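Asker: Structure incoming, see below.
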Amino acid sequence: MTLRADDVWFRYSRKSPWVVAGVSLSVEPGEVVGLHGPSGAGKSTLGRLLSGSLTPRRGEVSADGRPPRPGRGTPNPVQLVAQHALLAFDPLWKIRSSLAETGVADDVLDGMDPALAPPELLDRFPHEISGGEAQRVNLGRALLADPRFLVADEITASLDPISQAEVWRLLLAAADARGIGVLAISHDRPLLDVVAHRVLDFGDLVPTGPWQAAHTSG
Ligand SMILES: Nc1ncnc2c1ncn2[C@@H]1O[C@H](COP(=O)(O)OP(=O)(O)OP(=O)(O)O)[C@@H](O)[C@H]1O
């Protein structure tokens, strides 16, 4: 099973410029691929395309040959974990209810790795946990879906160094143990050099030919 983008193109509207223009990449099971680039380059957009929350205007995204969109009752094999973990939780729901929304049974929730979801946090509201705790629970929720791939988009950009190291330690351990392929998106090149097996630069993903030049100028 490979996560692939094949000549993917995307723009937010017909009148806006191409944000992703002819990009191809692949992530293998168990592989951690870093994606680096400046702010506004299009990294998050590509992450959303790879996780199926956006659909390419042209080209294809596939996980094991199929578009990574959740079917009815079927978890998405490509889970997106984004920077602002608290936005992923309903502020009016206790953490337990947000996790239960994934469809897992109560005993699975109670049996979650306490490093990801400490039992005492499950009955709190999102505003009652720290940013580091929120991102660990958010990662735990993505792992409940038993994903084949994780798109980790600036997941530790707002965290202190200790929380940052802990989130990455947990993610890399889960990826290694379960053979999950990871696309780690960050503007922090030294971080990617530590966590990833190889690092791609967003600018290098865009082929430079006359056709692209004509179609990416706006
Ligand atoms: N929902 C949206 N509607 C319209 N334009 C958008 C939308 N989301 C992003 N963009 C634009 O697409 C471009 C790429 O944004 P994107 O968030 O993918 O970049 P990025 O490389 O992830 O940046 P950063 O590192 O700052 O998060 C930017 O010009 C941004 O303004």
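The values are calculated or read from the model by the stated rules, or taken from the named source; none is laboratory data. Just so you know, these numbers come straight off a predicted model, no measurement behind them. Cβ atoms come from the backbone with ideal geometry, glycine included; neighbour counts cover every protein chain shown. What goes into the accessible areas is simple: the full protein's heavy atoms, side chains included, and nothing from ligands, DNA or RNA. Shrake-Rupley method; radii C 1.70, N 1.55, O 1.52, S 1.80 Å.
Asker: For L92, tell me the accessible area in Å² from a 1.4 Å probe, rounded to the nearest 10.
Answerer: Roughly 140 Å² of L92 is accessible to a 1.4 Å probe.
Asker: Rounded, prolate or oblate for segment 86-178? Axes are the square roots of the Cα gyration tensor eigenvalues, ordered a ≥ b ≥ c, and the cut-off for rounded is a/c under 1.5.
Answerer: oblate
Asker: Further question on the same structure: Take the Cα radius of gyration of the chain and divide it by 2.2 N^0.38 Å, with N its residue count; two decimals is plenty.
Answerer: The reported ratio for this selection is 1.03.
Asker: Let me ask you something else. As a check on your grasp of the helix formula, calculate [θ] at 222 nm for the chain: sum -39500 (n - 2.57) over DSSP H runs of n ≥ 4, divide by the residue count, round to the nearest 500.
Answerer: Calculated from helices alone, the mean residue ellipticity at 222 nm is -8500 deg cm²/dmol.
Asker: Next question. Going through segment 54-161, which chymotrypsin sites (Phe, Trp or Tyr not before Pro) have at most 16 other Cβ atoms within 10 Å and a DSSP loop state?
Answerer: Sites meeting the loop and neighbour criteria: W93.
Asker: While we're looking at this one, here's another question. Name the trypsin sites (Lys or Arg not before Pro) in segment 19-88 that are in a loop by DSSP and that have at most 12 other C-beta atoms within 10 Å, would you?
Answerer: R72
Asker: In sequence order, what are the phi-derived ³J(HN,Hα) couplings for segment 118-123 according to the Karplus relation 6.51 cos²θ - 1.76 cosθ + 1.60 with θ = phi - 60°, rounded to whole Hz, with x for glycine and proline?
Answerer: So the J values, rounded to whole Hz, are x, x, 5, 7, 5, 9.
Asker: Remind me, relative contact order of segment 11-163 in percent, using alpha carbon pairs under 8 angstrom and six or more residues apart?
Answerer: Averaging sequence separation for qualifying contacts and normalising by length gives 25 percent for segment 11-163.
Asker: What is the helix-to-structure angle for 161-178, meaning the angle in degrees between its Cα long axis and the longest Cα principal axis of the chain, kept from 0 to 90 and rounded to the nearest 10?
Answerer: 80 degrees
Asker: Give, rounded to the nearest 20 debye, the magnitude of the charge dipole that the chain has about its Cα centre when Lys and Arg contribute +1 at Cβ and Asp and Glu contribute -1 at Cβ.
Answerer: Its charge dipole is roughly 1020 debye.
Asker: Starting from the Cα-Cα distance between S26 and A165, subtract it from 0.36 nm times their residue separation and give me the gain in nm to one decimal.
Answerer: 47.5 nm
Asker: Related question: For segment 165-193 and segment 35-84, write down the distance between their C-alpha centroids in whole Å.
Answerer: Centre-to-centre (Cα) distance: 17 Å.
Asker: So how tilted is helix 131-144 from the main axis of the chain? Cα-based, degrees 0 to 90, rounded to 10.
Answerer: In the chain, helix 131-144 runs at an angle near 80 degrees to the longest axis.
Asker: Sticking with this one: With a 1.4 Å probe and all protein chains kept in place, how much accessible area does V206 have, in Å² rounded to the nearest 10?
Answerer: In the full protein context, V206 sits at about 40 Å².
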